[in-house]
Amino acid sequence: MTELHLWLRHEVRTTERRTPIVPSDARRLVEAGVTLTVERSPQRIFPVEEYEAAGCRTAQAGAWVSAPPDAVVVGLKELPDEPAELHHRHIYFGHAYKRQPGAAELLRRFVAGGGALLDLEYLVDDSGRRLVAFGFWAGYLGAALAVLQQRGRLVAPLTPTSKEELDETLRPAAGDEDFTALVIGALGRSGRGARVGFAAAGIDPTCWDLAETRDLDRRALKDHDVMVNAVLATSPVPPFVREEDLDDPARRLRTLCDVTCDVGSPLNVLPVYDRTTDWAEPVRRLREEPPLDLIAIDNLPSLLPRESSTDFSAALLPLLLDYGVSGAWGRCLDTFHRACRELSP
């Protein structure tokens with residue numbers, strides 16, 4: 001462990017408040033002999049002084065490009081467009097293995113620089129189960145925002161908050177009309193979070209999972225007022241909602257929240273929109289009559305940055321302590337190499 005150097009980078013996305021390593025877990029890494037360099041970041045929920053107190057080194061934002069060659073760069077969301085060649089090993093959510101827009105270009109940057117992507121989405125055990133995820137909080141927030149939109153109380157731009165404060169806004173108020181809700185993928189991490197979010201709002205949603213989606217009842221789906229999609233497809237499946245479903249004049253569905261946000265991928269189960277929404281404009285109107293609103297924010301857990309970061313870091317910590325030893329990292333690297341071999345010339 002004494003040779004491991006982790007480099008916690010600043011996130012270039014301005015609405016990213018989370019971190020994959022919180023200060024308390026940074027202290028445990030340092031105590032285990034890991035060198036941990038933390039870039040300064042004005043938006044990270046935990047100030048850099050807490051990392052310094054934990055024994056971490058500090059660096060300026062973006063300094064990872066000139067980090068020692070053996071440093072492993074750790075982050076969450078997308079890298080900046082430069083440099084063109086990526087020399088380090090990077091741990092983050094790369095979104096590069098499902099033919100998403102820009103995926104091939106990203107992989108070619110790693111190939112050109114001799115680096116590697118250790119994608120957190122593909123950090124799995126020997127049965128293929130993901131070991132670290134923000135899914136619960138993504139589902140919880142997806143349901144919460146859908147409820148607020150349906151009740152006419154969603155205010156833009158969105159700002160980070162705490163679970164206690166958000167739960168308070170979700171409690172039913174006088175004059176709130178009843179509505180029906182559907183969670184698809186209800187038994188997974190995100191689906192469980194969505195169910196908790198709806199429960200906080202006093203809503204008992206219909207819950208569908210594999211059995212219901214194998215033989216999808218589209219009429220029943222469209223007869224709900226609100227739908228939250230929490231399914232992350234790993235192989236092609238028929239879409240849950242199609243353009244013709246949006247055009248159905250009998251459609252009751254009014255608010256559609258896509259927690260998964262697989263837009264642009266051929267595995268997308270909701271191919272009815274071409275770009276995500278964001279904190280500044282969290283809702284997009286897909287149809288005027290009957291009205292249908294879309295929420296598709298791809299970093300939902302950053303709206304609860306302290307809670308989601310703490311949970312994620314706790315799951316990631318033992319894997320970082322076993323970096324280079326745990327078979328999960330080897331599987332992660334194999335997935336990267338396989339994706340690079342499949343790149344078209």
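Do we have any residue at all in the range 68-79 that's open to solvent by 10 Å² or more (accessible area, probe 1.4 Å), outside any loop (DSSP other than H, G, I, E, B) and within 23 Å of V38 (Cβ to Cβ)? Taking every residue of the range 68-79 in turn, none turns out to be open to solvent by 10 Å² or more (accessible area, probe 1.4 Å), outside any loop (DSSP other than H, G, I, E, B) and within 23 Å of V38 (Cβ to Cβ).
Within the range 6-40, the set of residues being in a strand (DSSP E or B), open to solvent by less than 20 Å² (accessible area, probe 1.4 Å) and out of contact with any His (no Cβ under 6 Å at 6 or more places or on another chain) comprises L6, L8, L36, T37, V38.
Figure legend. Inter-residue proximity from the range 126-152: first residues over 18 Å from R189 (Cα atoms), second residues in a helix (DSSP H, G or I) and among the small types (G, A, S), beta-carbon distance below 7 Å, spacing 6+ or different chains. Indicated pairs: D126/G327. If you check D293 against the conditions, is it of a type in the set (D, E, K, R), buried (at least 17 other Cβ atoms within 10 Å of the Cβ), in contact with a Phe, Trp or Tyr (Cβ under 9 Å, 6 or more places away or on another chain) and at pLDDT 95 or above? Spelling it out, it is not the case that D293 is of a type in the set (D, E, K, R), buried (at least 17 other Cβ atoms within 10 Å of the Cβ), in contact with a Phe, Trp or Tyr (Cβ under 9 Å, 6 or more places away or on another chain) and at pLDDT 95 or above. Test E307 against the criterion of being surrounded by fewer than 17 Cβ atoms within 10 Å (Cβ to Cβ) and charged (D, E, K, R), and give yes or no. Considered against the rule, which asks whether it is surrounded by fewer than 17 Cβ atoms within 10 Å (Cβ to Cβ) and charged (D, E, K, R), E307 comes out as no. Please go through the range 320-335 and pick out each residue that is part of a helix (DSSP H, G or I) and open to solvent by 20 Å² or more (accessible area, probe 1.4 Å). Within the range 320-335, L321, G327, G330, R331, L333, D334, T335 qualify. Which of the residues spanning the range 254-291 are more than 23 Å from R195 (Cβ to Cβ) and among the aliphatic types (A, V, I, L, M)? Selection gives V263, L267, V272, A280, L286.
When T58 is tested against (1) free of Cβ contacts under 8 Å to residues at least 60 places away in the same chain; (2) buried (at least 23 other Cβ atoms within 10 Å of the Cβ), only condition (2) is not met.
L107 falls short on exactly one of the conditions (1) assigned to a loop (DSSP other than H, G, I, E, B); (2) over 21 Å from I297 (Cα atoms), and that condition is (1).
Looking at the range 278-305, I want the residues that are part of a strand (DSSP E or B) and have a partner that is polar (S, T, N, Q) and modelled with pLDDT of 95 or more with Cβ atoms under 7 Å, at least 6 apart or on another chain. Which pairs are those? Short answer, once both residue conditions are applied: R284/T277; D293/Q149; D293/T255; L294/T277; I295/Q149; I295/T277.
Applying the selection to the range 227-262, what residues are under 19 Å from G188 (Cα atoms) and hydroxyl-bearing (S, T, Y)? T234, S235, T260 - these are the residues of the range 227-262 that are under 19 Å from G188 (Cα atoms) and hydroxyl-bearing (S, T, Y). If you go through the range 129-162 and keep only what is of a type in the set (K, R) and either crowded, with 18+ Cβ neighbours inside 10 Å or within 19 Å of R252 (Cβ to Cβ) (or both), you end up with just R151.
Quick check on T2: is it touching a Gly at 6+ places or on another chain (Cβ under 9 Å), modelled with pLDDT under 95 and open to solvent by 50 Å² or more (accessible area, probe 1.4 Å)? Yes; evaluated as a whole, the condition is true for this residue. There is no residue in the range 189-196 that is in contact with a Lys or Arg (Cβ under 7 Å, 6 or more places away or on another chain) and under 19 Å from F136 (Cβ atoms).
The values are calculated or read from the model by the stated rules, or taken from the named source; none is laboratory data. Keep in mind that this is a model prediction, so the values were computed, not measured. With ideal geometry, Cβ positions are generated from the backbone for all residues, glycine too; neighbour counts draw on all protein chains shown. Only protein heavy atoms, including side chains, enter the accessible area calculation; ligands, DNA and RNA are left aside. Shrake-Rupley method; radii C 1.70, N 1.55, O 1.52, S 1.80 Å.
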